[in-house]
Every structure is written in C-alpha cells, then in structure tokens.
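The values are calculated or read from the model by the stated rules, or taken from the named source; none is laboratory data. In this text, all values refer to a predicted model and were calculated from it rather than measured experimentally. Counting neighbours? That spans all protein chains shown, and the Cβs are built from the backbone with ideal geometry, glycine included. Side chains included, ligands, DNA and RNA excluded: accessible areas come from the protein's heavy atoms. Shrake-Rupley method; radii C 1.70, N 1.55, O 1.52, S 1.80 Å.
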Amino acid sequence: MDEPADVRMGRGQRLIEATREDLELYGVAELEERLSILETEIARVRAQIDRKRSGRAAADALFAPRS
C-alpha cells in the first residue's frame, strides 16, 4: 500500500506552501485567524529554540575543560 502524499512531504514543505498562498482569496476574519495561528507558531518555535539553547549550554558546561 502506498503512503499518502502528505506523509512523503519534505520537512517544512507545508510551511513553504502556506507562504505562497494567494491572500487575496481570504476575508479579513480568515486573515486574522491565520495571523493568530502564525503568532502561536512563532511562540512555539521560539520556545523550542530556547530549550535547545539551554540544552546546548548545559552540555557545554558539562563537557567544558576544567581550569
């Protein structure tokens, strides 16, 4: 059985496609909803970046040469 096409999409492909959508087709309420979703996603990505930086800093501190 073949996998659905959306499973085979490359990482970030849906985001790339979303940025290419024609926004003229949306009403104001739809655009506001889209903006809210994007702002939530930005916050989620920033939180993940902070977690990764914290993890990296902890690893660097653990494995740093001692003076």
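Projecting label points 7 angstrom from Cα along Cα→Cβ for residue 21 and residue 47 puts them 2.3 nm apart. Taking a sphere under 14 Å around the Cβ of residue 30 and counting the other residues whose Cβ falls inside, with K and R at +1 and D and E at -1, yields a net charge of -4. Rolling a 1.4 angstrom probe over the protein heavy atoms with all chains in place gives the chain an accessible area of 98 Å² per residue. Working note: Karplus 6.51/-1.76/1.60 with θ = phi - 60° gives region 49-60 the couplings 4, 4, 4, 5, 5, 5, x, 5, 5, 5, 5, 4 Hz, where Gly and Pro are set to x. Across region 37-42, computed HN-Hα scalar couplings (Karplus, 6.51 cos²θ - 1.76 cosθ + 1.60, θ = phi - 60°) run 4, 5, 5, 5, 5, 4 Hz from first to last residue, x flagging Gly and Pro. Convex hull volume per residue, computed on the Cα atoms of the chain, equals 161 Å³.
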